[in-house]
Amino acid sequence: MKRTRKTIVSVALATSLALSVSSTYTAAAPVAQTSSSQAYYNAVDKKVINKINVENIYNDIDFLAKTPRVAGTEAEHKAALYVQKQLNSFGYDAKLEPFKFVGYTEASKVELSVDGTSYSPSSFTYSVSGNVNAEVVYAGLGTKEELANQDLTGKIALIQRGSITFGEKVLNAAQKGAKAVIIYNNAEGELNGTLGGANDLYVPAVSLSKAAGEQLLEKVKAGSVTATVTIEGAEVSERTSYNVTATKAPTEKKRNTDDIIVIGAHHDSVEGAPGANDDASGTAMVIELARVLKSLPTDTELRFVTFGAEELGLIGSHEYVDGLSQDEKDRIVGMFNLDMVGSRDAGDLVLKTADGKANFVTELSQASSLRLNGVATPYAEGGRSDHVPFAEAGIPAALFIHDPSEPWYHTPEDTIDKISKEKLQDVAEIVGTAVYDRARPDHKGPKAQKGQSFKAPELYYQQDSK
Ligand SMILES: [Zn+2]
């Protein structure tokens with residue numbers, strides 16, 4: 001893909017849902033239903049299904065997916081305002097909840113030339129910009145011990161990958177006076193890494209493949225070598241993103257269960273991708289389900305949330321969960337995360353949980369899909385989206401997604417023309433009836449089971465930092 005100027009961290013491309021080969025899914029054991037309970041459920045489910053208008057979902061996707069909605073940009077702010085406006089048009093009091101994060105604008109130009117020879121380096125996420133012309137000095141692995149007796153003042157340090165993080169290597173070399181750093185790979189392939197976070201003490205840092213690095217090292221060993229490192233356009237700054245929240249209090253005050261169900265999606269996209277499926281589809285479905293459920297009697301609090309900055313590392317959903325009181329965490333019995341729910345070109349619907357186990361959300365959804373489609377939607381382990389912070393807080397949560405992902409994932413081709421109304425309708429029905437199964441005043445569905453809090457093991461991928 002052509003390198004373009006980006007106003008996001010390049011982790012964004014890797015952070016979220018990756019194209020993945022389907023793993024083994026677990027299908028539910030079919031639950032035998034008596035004909036009377038079938039008739040009963042038919043009537044209950046119809047209350048939701050009859051209200052869903054897929055055109056609303058489609059039209060909201062169409063509006064949101066006119067442009068990319070990168071977190072921290074005006075386009076994301078506009079998307080959040082649109083979600084708020086739609087929710088308020090149904091009678092909600094939707095709020096924009098701003099939060100700050102440190103954003104990084106990727107370099108627009110990264111160059112390295114050595115005595116007239118041009119290399120093709122990459123930059124590190126969080127590297128600073130700069131233009132340095134100096135002698136190249138080999139600095140081993142760049143550990144504090146190795147550099148103890150080395151003076152790198154005014155030099156460019158050539159450092160091999162390994163042992164410590166890229167960020168530590170750059171800081172160690174800068175502390176010894178280096179003006180720039182070149183880190184080369186210790187394994188085959190390009191090195192596309194991150195310094196892990198912003199730091200004022202960094203000097204410009206570029207990466208090379210193992211072959212290119214070793215070639216440069218040969219030159220350095222053979223005699224004095226002068227190089228020019230150029231990084232332009234890289235910038236770190238504090239930015240603001242938003243979560244949008246709307247709440248429906250239980251209408252049945254006397255039968256209030258005191259429980260909460262969260263239905264969420266992320267409204268931000270990656271740079272360059274209009275994100276019709278990722279995740280205007282989930283955002284628009286949250287809006288429509290908020291409309292559908294608004295007029296139905298309920299005994300459980302419903303929260304509709306669209307998150308910002310998911311693509312930069314689930315920042316908005318982390319903010320949201322961090323902002324919950326323990327009492328709220330205890331009361332949330334399910335979090336339904338809708339992320340990429342309408343692509344014509346993706347596979348079948350699956351439910352993904354952070355620990356790969358069934359929970360209250362998968363139980364409700366398997367029951368509803370079995371009722372509606374005759375087949376329970378399977379579940380499997382999967383992270384990399386906004387259900388993860390909820391799962392880590394012990395809240396039963398599941399991601400709704402079609403798997404495998406479409407080829408347009410995170411590309412400029414993720415546009416409205418690839419959206420399937422049939423898929424939108426199917427997911428909206430499964431989620432809407434699953435939520436209503438629990439939220440209606442006379443609910444008889446499975447009993448809520450609290451999850452165990454745990455740390456998701458690297459379920460959302462970050463760039464290499466070491
Ligand atoms: Zn997404």
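The values are calculated or read from the model by the stated rules, or taken from the named source; none is laboratory data. Computed from a prediction, not measured in an experiment: that's the story for all the values here. Glycine gets a Cβ as well: all are built from the backbone with ideal geometry, and neighbour counts include every protein chain shown. Ligands, DNA and RNA are stripped out before the accessible areas are found, and what is left, the full protein with its side chains, is counted by its heavy atoms. Shrake-Rupley method; radii C 1.70, N 1.55, O 1.52, S 1.80 Å.
Applying 1/(1 + (r/R0)^6) with R0 = 25 Å to the Cβ-Cβ distance of ALA148 and LYS466, what FRET efficiency is obtained, to the nearest 0.05? Working from the Cβ atoms, E equals 0.75. Relative to the longest principal axis of the Cα atoms of the chain, the long axis of helix 54-64 lies at roughly 20 degrees.
At a 1.4 Å probe, what is the % contribution of carbon and sulfur to the accessible area of the chain? Here carbon and sulfur together make up 49 percent of the probe-accessible area.
Post the alpha-carbon centroid distance, the range 216-251 to the range 299-369, in whole angstrom. If you average the Cα positions of each part, the centres end up 29 Å apart. Given +1 at the Cβ of Lys and Arg, -1 at the Cβ of Asp and Glu and no other charges, the dipole of the chain around its Cα centre is 640 debye to the nearest 20. So if R0 is 22 Å, what FRET efficiency would ASP200 and THR411 give, r being the distance between their Cβ atoms, rounded to the nearest 0.05? Result of the calculation: an efficiency of 0.05. Think of each Lys and Arg Cβ as +1 and each Asp and Glu Cβ as -1; about the Cα centre, that makes the dipole of the range 107-233 roughly 100 debye.
Dipole of the chain computed with +1 at Lys/Arg Cβ and -1 at Asp/Glu Cβ about the Cα centre; of PRO441, VAL203, VAL286, farthest Cα towards the positive end is PRO441. Helical content of the chain, expressed as a calculated mean residue ellipticity at 222 nm, amounts to -9000 deg cm²/dmol (DSSP H runs of 4 or more residues, -39,500 (n - 2.57) each, divided by residue number, nearest 500). Full extension of the chain between THR226 and VAL375 yields a length gain of 47.0 nm, computed as 0.36 nm times the residue separation minus the alpha carbon distance. Candidates THR153, LEU338, PRO407 compared by Cα position along the dipole of the chain: farthest toward the positive end lies LEU338, with charges placed on Cβ.
Please report the relative contact order for the chain, taking Cα pairs under 8 Å with a sequence separation of at least 6, and give it as a percent rounded to a whole number. If you can, show how the numbers build up before the last one.
Details: 1143 pairs, mean separation 104.2, N = 466.
Across the chain, relative contact order equals 22 percent.
Give me the percent of DSSP beta bridges within the range 107-233 that run antiparallel, rounded to the nearest 5. Roughly 60 percent of the DSSP beta bridges within the range 107-233 come out antiparallel. A crude spin-label estimate for the pair ALA249 and LYS51, with each label 7 Å from Cα along the Cβ direction, gives 1.8 nm.
On a per residue basis, the range 107-233 carries 42 Å² of accessible surface, using protein heavy atoms and a 1.4 Å probe.
Along the chain, counting only GluC sites (Glu not before Pro) with a DSSP assignment other than H, G, I, E or B and at most 13 other Cβ atoms inside a 10 Å radius, the longest segment between sites is 189-457. 3J(HN,Hα) along the range 88-97: 5, 5, 9, x, 7, 10, 6, 10, 8, 10 Hz, from the Karplus curve 6.51 cos²θ - 1.76 cosθ + 1.60 with θ = phi - 60°, whole Hz, x for Gly and Pro.
Selection among LEU302, ILE395, VAL110 by position relative to the dipole of the chain gives LEU302 as farthest towards the positive end (Cβ unit charges, Cα centre).
The simple spin-label model puts a point 7 Å past each Cα toward its Cβ; for ASN42 and ASP62 those points are separated by 3.5 nm.
About its Cα centre, how strong a charge dipole does the range 356-418 have in debye, to the nearest 20, once Lys and Arg get +1 and Asp and Glu get -1 at the Cβ? Dipole about the Cα centre, nearest 20: 300 debye. Across the range 73-87, rounded Karplus estimates of 3J(HN,Hα) from the backbone phi angles (6.51 cos²θ - 1.76 cosθ + 1.60, θ = phi - 60°) give 9, 4, 5, 5, 4, 4, 4, 5, 5, 5, 4, 4, 4, 4, 4 Hz, Gly and Pro being marked x. Once backbone amide H atoms are built at 1.01 Å from N, THR125 has GLY193, THR194, LEU195 as its partners under 5 Å, excluding neighbours fewer than 5 places away on the same chain.
With r as the distance between the Cβ atoms of GLU188 and ASP115 and R0 = 22 Å, compute the FRET efficiency 1/(1 + (r/R0)^6) and round to 0.05.
Calculated value: 0.30.
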